[in-house]
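Undergrad: Take a look at this one; I'll ask things after.
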Amino acid sequence: MVPNKKITVLIAIGKPLLAEAIANAIMSSPDLVVVAKFSNKIGKTGLITKICSQQADIAIIDINLVNPSFTQTIQKIKQLHSSMAIIITSNKWTPSCVLHSYNAGVIGYLPETANAGEVIAVVHAARMNQAVLPYDIFRSLTKFLAQGTSVLNTSDGCVQLSFKELQVLNLTAKALTNKEIAEVLSISPRTVQSHLSAIFTKLKARSRTEAALIATKNGWLDDYESPTSHID
């Protein structure tokens, strides 16, 4: 960072009052300056163009402006402006979306309830390339990871499957019957069917074939290793 050079911040938030509050907090710090503010009126494509055209050090983006494909939007921004640090703000969080946004290039999270001091601290940390995660989200994330849940990308966002569901899905894609899957996983055929029902609901699939096609299309089969793969 150049000495005495102000850190430039861009704000893309759909709620005017929230955008104004964050802007005021940033401007209260002598080393920070807001260079632009955008809302959802310009559309998603226009938003990406506007954000990248500003060449700001930091971008604070309302996740609701880029849903449901927020990870793809963040990836596109990072491709066009790799040095820009991206902070996400929202009033709703899920562990799966936290993981996906970090993978996409997000550096920090700013709760909508953050006070001026917290806003400034998050911006400074992001500028130093330090990941920022509120404690309550951190606790939820650690519990989520401890459950052994797989977070999978789709073209419309993300899907959360348990490891057992992912096993069943992959074996289903290999055209195994419920009885055969039950034997491989040492569970009952009824349990297999229960997992399949959950999978169909989460994937919005109407059949085993459709579920298998979704898994293949999104590259999920590579995330699975058969429990018998090491048996000679």
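Throughout, read-outs are computed from the coordinates displayed, never taken from laboratory work. None of the values given here were measured: they were computed from a predicted structure. Every residue, glycine as well, gets a Cβ built from its backbone with ideal geometry; the counts of neighbours run over all protein chains shown.
Undergrad: Between residue 204 and residue 5, what is 0.36 nm times their sequence separation minus the Cα-Cα distance? Round to one decimal in nm.
TA: Here the answer is 66.6 nm.
Undergrad: Once the Cβ-Cβ distance between residue 218 and residue 143 is put in as r, and R0 is 22 Å, what FRET efficiency do you end up with, to the nearest 0.05?
TA: Calculated value: 0.30.
Undergrad: Label-point separation (nm) for residue 162 and residue 115, each offset 7 Å from Cα along Cα-to-Cβ?
TA: 4.2 nm
Undergrad: Give the order of 71, 113, 177 when sorted by the count of other beta carbons within 10 angstrom, beginning with the fewest.
TA: Fewest to most other Cβ atoms nearby, the residues stand as 113, 177, 71.
Undergrad: Residue 56: net charge of surrounding residues, Cβ under 15 Å, Lys/Arg +1, Asp/Glu -1, itself excluded?
TA: Net of charged neighbours comes to +4.
Undergrad: Give the long-range amide H neighbours of residue 34: residues separated by 5 or more places, or on another chain, with amide H under 5 Å away, using H modelled in the peptide plane at 1.01 Å from N.
TA: Sorted by chain and number, the residues that satisfy this are 9.
Undergrad: Taking only the alpha-carbon positions of segment 23-126 and ignoring solvent, what does the Debye formula give for the base-10 log of I(q)/I(0) at q = 0.24 Å⁻¹?
TA: Log10 I(q)/I(0), no solvent term: -1.55.
Undergrad: Under a straight-distance cross-link criterion of Cα-Cα below 28 Å, which lysines are reachable from residue 174, leaving out those fewer than 8 residues away in the same chain?
TA: Filter leaves 164, 202, 204, 217.
Undergrad: Which lysines, on any chain, are close to residue 76 with Cα under 20 Å apart, when same-chain ones fewer than 8 places away are left out?
TA: Partners within reach: 37, 41, 44, 50.
Undergrad: At what distance in nm do the modelled label points of residue 83 and residue 136 sit from each other, each positioned 7 Å from its Cα along Cα→Cβ?
TA: 3.7 nm
Undergrad: Taking neighbour counts of Cβ atoms within 10 Å as a proxy for exposure, in what order, fewest first, do 52, 97 appear?
TA: So the ranking, lowest neighbour count to highest, is 52, 97.
Undergrad: Here is a further query. In nanometres, what is the gap between the two model label sites at residue 124 and residue 180, each 7 Å from Cα along Cα-to-Cβ?
TA: 6.1 nm
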